[in-house]
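Enquirer: Take a look at this one; I'll ask things after.
Coordinate-derived values only; no laboratory data. No experiment lies behind these values; they were computed from the predicted model shown. So basically every Cβ, Gly included, is an ideal-geometry build from the backbone, and we count neighbours across all protein chains shown.
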Amino acid sequence: MSDVVVIGGGIVGTAAALFLAEAGASVTLLEAEAVAAAASGRNAGSIQHPLDAARAELYEESVAIHRRFGVIGERAAGLLAVGPDAAEAEVAAFAGLRAEALDSDALRAIEPEAAEGLSGVLLHGTGFPAHPAAATRRLAEEARARGAEIVEGVRATVEVRDGRAVGARGADGKDHASDRVLVAAGPWSSTLIDPGGAWTPVGALWGVTVQVALPPGRRVAHRVEEWDGPFASGVQFEATPLDDVVVLGASRSTATPDEDALAAEILARAARFLPVVAEATTVAVRACARPLTPDGLPLLGPVPGVQGLHVAAGHGAYGISLGPASGRIAADALLDRAPVPAAFRADREALRP
Ligand SMILES: Cc1cc2nc3c(=O)[nH]c(=O)nc-3n(C[C@H](O)[C@H](O)[C@H](O)COP(=O)(O)OP(=O)(O)OC[C@H]3O[C@@H](n4cnc5c(N)ncnc54)[C@H](O)[C@@H]3O)c2cc1C
């Protein structure tokens, strides 16, 4: 019997396993496919500020965790928000981000591949590139090093008896007994917690990204994204330069996406902001789902109505940027060390039917 069974090997589940194991708990994590198989391995690769106050502390703590485990360095690469009206006012509240308004010439001076005529805001203090799966794999390694057992290739269901969690059952027929179960299964969390489908606070917002290699000698220096662009096409431009590829995005749809059609749209939209994209070679097209709550805030801690059952999910487009801190909060709640902040609790007002 483990102290805690975690279901889901994305960034949130692996972070929770790490902090549980670090606190001395025995942990078994069950992952249906492989660590980082879903959004935590297929995202756009940018660790960045969510630009809202409610999630700012999760971001700050997550950056510290990413640094602690060597996923990112001290200095941000910068985030360049481009568009006709890249609103300085909205970022002014976050003084630590050191926003600098750039006219077209200044913008092209720091980002020579940008299209002519764009203006924007450079946020010097955020935008840490990291290969999509790097953070989650690292946290999984650190969890294992502290004694967590991570089992891949086992789809699990939650076992509940008389209103109490009693463990998880693997599709391989094995039972994993525990009186504390954490569901950290991203967009699949609602279904796992309530297979009947009455409780659905975490939905799926699918997204496609395209990884491209630029022609030799050409480079993009910053994470660049379209500021509040029109969603008419369902595609909003963003580009994250990693060491070998640039990740271009991204689409948003509640239905499973048509990857090829969206890849063409993503490339066309990106070329309007970064014309060099027209000369780039496509290396990979990837789809995954953002786990999203109705109020856009994560869902953490005890699930109402089932003793010992906890959840950690719903980080939307910012799970790599916020998930490590959520894992720490989820671990503390499971071990009764600290309560979950009210804004993220699973029984909060905004989620009541
Ligand atoms: C296109 C796109 C780009 C993104 N870019 C960024 C970005 O640049 N920066 C950023 O911060 N965030 C980004 N995100 C968001 C981020 O990827 C997610 O918020 C985050 O990965 C969610 O992590 P998670 O651990 O909650 O869920 P997931 O990564 O979905 O992990 C859940 C895991 O649970 C497993 N699972 C499901 N059901 C079961 C079961 N029954 N039994 C066992 N295991 C199960 C799945 O296999 C999966 O591995 C992006 C998302 C998308 C879609």
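Enquirer: I'd like the distance between the alpha-carbon centres of the stretch 1-62 and the stretch 282-305, rounded to an integer number of Å.
Expert: 12 Å
Enquirer: In the neighborhood of residue 309, defined by Cβ-to-Cβ distances under 12 Å, what is the net charge if each Lys or Arg adds +1 and each Asp or Glu adds -1?
Expert: 0
Enquirer: Follow-up. So between residue 60 and residue 213, what do we pick up on full extension, going 0.36 nm a residue minus the alpha carbon distance?
Expert: 52.0 nm
Enquirer: Run the numbers for residue 155 and residue 95: contour at 0.36 nm per residue of separation, minus the present Cα-Cα distance, in nm.
Expert: Length gained between residue 155 and residue 95: 17.2 nm.
Enquirer: What is the dipole size for the stretch 292-353, taken about its Cα centre, with +1 at each Lys and Arg Cβ and -1 at each Asp and Glu Cβ, in debye to the nearest 20?
Expert: Around 40 debye, computed over the stretch 292-353.
Enquirer: Another question, if that's okay. Cα convex hull of the chain: how many Å³ per residue?
Expert: 134 Å³
Enquirer: Residue farthest toward the positive end of the dipole of the chain, with Cβ of Lys/Arg at +1 and Asp/Glu at -1: which of 126, 51, 203?
Expert: The residue sitting most towards the positive pole is 203.
Enquirer: Out of the trypsin sites (Lys or Arg not before Pro) in the stretch 25-85, which ones are loop residues according to DSSP with at most 13 other C-beta atoms within 10 Å?
Expert: Answer by residue number: 75.
Enquirer: With a cut-off of at most 14 other beta carbons within 10 Å, and DSSP calling the residue loop, which trypsin sites (Lys or Arg not before Pro) in the stretch 246-353 qualify? Please list them.
Expert: 337
Enquirer: Are there chymotrypsin sites (Phe, Trp or Tyr not before Pro) in the stretch 184-269 that DSSP puts in a loop and that have at most 15 other Cβ atoms within 10 Å, and which ones?
Expert: Filter output for the stretch 184-269: 231.
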